[in-house]
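The values are calculated or read from the model by the stated rules, or taken from the named source; none is laboratory data. Here the structure is a predicted model, which is why all the values come from computation and not from measurement. Methodologically, a virtual Cβ is constructed for each residue, glycine included, from the backbone with ideal geometry; neighbour enumeration extends over all protein chains shown. We work out accessible area using only protein heavy atoms, side chains counted, and drop any ligands, DNA or RNA first. Shrake-Rupley method; radii C 1.70, N 1.55, O 1.52, S 1.80 Å.
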Amino acid sequence: MNLNLKDKTVFVSGGTKGIGLAIVKGFLGEGCKVACIARNEDLIARIASELKQEYLEENLLCLKADATQEEELVSSLKKVTERFGTIDILVSNIGNGKSVPDPLPAKDQFRTVWETNFTSAENLVRVGMNYLTPKDSSILFISSIAGVEAIGAPTDYSVAKSALIALSKNLARKLAPNIRVNCIAPGNIFFPGGSWEEKVKQDPDRVNLIIQTTVPMKRFGTPEEIADAVLFLSSERATFITGSCLIVDGGQTVSLH
Ligand SMILES: NC(=O)c1ccc[n+]([C@@H]2O[C@H](COP(=O)([O-])OP(=O)(O)OC[C@H]3O[C@@H](n4cnc5c(N)ncnc54)[C@H](OP(=O)(O)O)[C@@H]3O)[C@@H](O)[C@H]2O)c1
């Protein structure tokens, strides 16, 4: 399938680890011009230098910015468009499921999780919309199956990820026909340094039991499997798909709609 993504300009938030890094590599592999942001400067420098070994240096721009701070996004997006022109594909990937098991986490905790998982995306779309190519552009949010079903994830994370799906659906209806807006809800995605590796180290038997009993495919997903879905939804092969939330979870979710 020819995705015809060559020379598209892509912005990925949180592109230095795990799913975000796989998305960055996926678009670079398709010949796109890719900009990404993250907060850790050392990691940004290391990832940028590794990517430049494998992909065209002129196609890559990695910047330091905290997406919970709107003004930092304004300055990054300005730099990106000065270098690459308007943005065809905006991917909001930032998120973190770490929280507490309390039924209703304390206010400060809830706020932190909300800012990481929802405000970062709201800010990105608020600022990024000003720099989007006016026609045939695409916005994609990385949510989670925790936003689709109450699977026992932390309450604050589940609420924020669910709100992202609502944001995506509302924007899709209001920005059509020129801008498509979709969501991807990943299941359990394993990669070195990721949250699941930490859980496996803490209690391998428990994690194995969860995977074997709740995931019909009986394994973790990979960041590349999420990146493939992102590339497809962002491409002209998906031009009638907007307002969708694509679940990529090895069959874990059980609801009928
Ligand atoms: N892994 C899973 O099993 C799983 C399952 C379902 C959904 N998801 C969702 O998929 C997305 C990616 O997950 P992941 O596991 O790949 O996450 P990750 O390993 O924690 O990576 C997150 C990326 O975002 C950056 N980041 C975090 N907060 C930021 C901020 N405020 N401003 C700018 N950059 C920020 C991180 O770099 P810095 O720390 O340097 O900023 C890093 O590059 C998240 O939305 C997550 O909720 C993951």
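At-a-glance table
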read-out	value
The chain: relative contact order as a whole-number percent, Cα under 8 Å and 6+ apart	20 percent
Relative contact order for the range 196-257, counting Cα pairs under 8 Å that sit 6 or more residues apart, in percent	37 percent
Residue 1/residue 202 FRET efficiency (R0 35 Å; Cβ-Cβ; nearest 0.05)	0.30
√(5λ) per eigenvalue of the Cα gyration tensor, the chain, largest first, Å	28, 20, 19
Euclidean distance of C-alpha centroids, the range 1-76 and the range 104-119, integer Å	26 Å
Whole-Hz ³J(HN,Hα) from phi, Karplus 6.51 cos²θ - 1.76 cosθ + 1.60, for the range 190-206, glycine and proline x	9, 7, x, x, x, 5, 6, 4, 4, 5, 5, 4, 5, 7, x, 5, 5
Proportion of all alpha-carbon pairs of the range 178-236 beyond 16 Å (%)	54 percent
Loop-exposed trypsin sites (Lys or Arg not before Pro) per DSSP, neighbour cap 13 Cβ within 10 angstrom, longest uninterrupted part of the chain	7-97
Cross-link partners of residue 64 among aspartates and glutamates (Cα-Cα below 14 Å; sequence separation of 8 or more within a chain)	41, 42, 72
Volume per residue that the Cα convex hull of the range 132-245 spans, once the total is divided by residue count, Å³	118 Å³
Residue 94 accessible area, assembled protein chains, probe 1.4 Å, Å²	40 Å²
Rough spin-label spacing in nm, given labels placed 7 Å along Cα→Cβ, for residue 257 and residue 219	3.4 nm
Whichever aspartates and glutamates have a C-alpha closer than 13 Å to that of residue 107, once near sequence neighbours (fewer than 8 apart) are set aside	115, 156
Qualifying aspartates and glutamates (Cα of each under 18 Å from Cα of residue 33; at least 8 residues distant if same chain)	7, 50, 54, 57, 58, 82, 88, 136, 228, 236
Accessible area in square angstrom per residue, the range 84-157, 1.4 angstrom probe	44 Å²
